[in-house]
1. Can you tell me the equivalent ellipsoid semi-axes for segment 3-104? Use √(5λ) from the Cα gyration tensor, largest first, whole Å.
2. Would you please classify the overall shape of the chain from the alpha carbon gyration tensor, given that a ≥ b ≥ c denote the square roots of the eigenvalues, rounded means a/c under 1.5, and beyond that prolate means a/b larger than b/c while oblate covers the rest?
3. Arranged from highest to lowest average of other beta-carbon atoms within 10 Å per residue, in what order do the peptides 10-22, 253-265 appear?
4. Give me the distance in nm between label points sitting 7 Å out from Cα along the Cα-to-Cβ direction at residue 4 and residue 54, one decimal.
5. Based on the Cβ-Cβ distance from residue 32 to residue 132, what FRET efficiency comes out when R0 is 35 Å, to the nearest 0.05?
6. Quick check on segment 241-283: take the gyration tensor over C-alpha atoms, sort the square-rooted eigenvalues as a ≥ b ≥ c, and tell me if it's rounded (a/c under 1.5), prolate or oblate.
7. Indicate the gyration tensor shape class of segment 206-278 (rounded, prolate or oblate), computed on the Cα atoms with a ≥ b ≥ c the square roots of the eigenvalues: a/c under 1.5 is rounded; otherwise a/b larger than b/c is prolate and the rest oblate.
8. Compute the acute angle (0 to 90°) between the alpha-carbon long axis of helix 19-39 and the principal axis of greatest extent of the alpha-carbon atoms of the chain; round to the nearest 10°.
Ligand code: DAH
């Protein structure tokens, strides 16, 4: 009969009738208690120890009290009572020690065949935070693709000695049109229909949302004497209905350089250098004659199409949709600054010359990342934005 089986029967039934027999039975129990407590080295095992020995219902001490003490003969009762009491004190003492030992420890169970880590490893971490709890995670944002491309373009021009300037988004008609050699009733004004904020008349100019970043040429030249080399990134507005390639607000980067002896050669060389730095050295660049009121001569600048390699066809002869089979994509308007513009800002056109250009940042970003629509920029879909981290 095992010790635990004996606990479930009265002493008389297990043949214990003398004080000596009681004594040795309790010695056996005490021995078992010591073994159990020595084996209890994790908090789960300490709890098991408590339940086995001191559990209210089926703990060994309760069983002992119910089955041995209560049914003991009047001669054995005081003996059993005393021994039981001693055993209870010992069990409680061992339990308290075990609880103090495991408190504040984290238990690391190492599985597998790591020889140096046999069995259970306990790490002392009293009063140290519980590093096993899941941490608080922060969501980090990312730069918007338009910002990434703007910064990349800024870097290229900064490396050529350009500064980065800013100007107001709410403009007067004077800065947006007139000082750019586009007087009232000039047909170029209707090509850039915009949002008017205040009517003109009674000695005041009308207010509008700028249709391009070119007015910042005027602000900058009013402020600075040549030499001036600057780029101007910013938001611009036009009364366009939104579709895949139009939004009523979009982004431009203006650029211009004014100095003595700036030639058409420097103009072409600068823009070619920039376009190859941004789009890739394998791109071909071409200048087509064009018209802008504030430049003379004016040009539209194209690069060879990156999708079809300038051939107008992809794969086995499929017409390229990006360049509409022409092999070229238009990437900026530009020209030599018109002498009339210099007169508006008080620069002597006999002494100074310069060039200017304007490009669409949204379009550059679409070309760079091969995007089919402007929608992605503005609908804040985190699945799109996350790709630019
Ligand atoms: N401002 C023009 C536009 O928005 C772009 C442009 C063309 C800017 C020629 C320039 C330039 O500085 O020289 O369409």
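1. Working: eigenvalues 145, 29, 24 Å².
Working through the eigenvalues yields semi-axes of 27, 12, 11 Å.
2. Values: a/c = 4.81, a/b = 3.99, b/c = 1.21.
Prolate, because a/c is 1.5 or more and a/b exceeds b/c.
3. Details: 10-22: 14.4, 253-265: 17.9.
Result, highest mean Cβ count within 10 Å first: 253-265, 10-22.
4. Each label point lies 7 Å from its Cα, and together they span 2.1 nm.
5. Details: r = 34 Å, r/R0 = 0.97.
In this case the efficiency is close to 0.55.
6. Numbers: a/c = 4.01, a/b = 1.69, b/c = 2.38.
It comes out oblate by the Cα gyration axes.
7. Values: a/c = 3.32, a/b = 1.46, b/c = 2.27.
Oblate shape, in that a/c is at least 1.5 and b/c is the bigger or equal ratio.
8. Value to nearest ten degrees: 10.
No lab work stands behind these numbers, since they all come straight from the coordinates. Quick caveat, the model's predicted, so the values are computed rather than measured. Here Cβ is always computed from backbone atoms with ideal geometry, including for glycine, and neighbour counts include all displayed protein chains.
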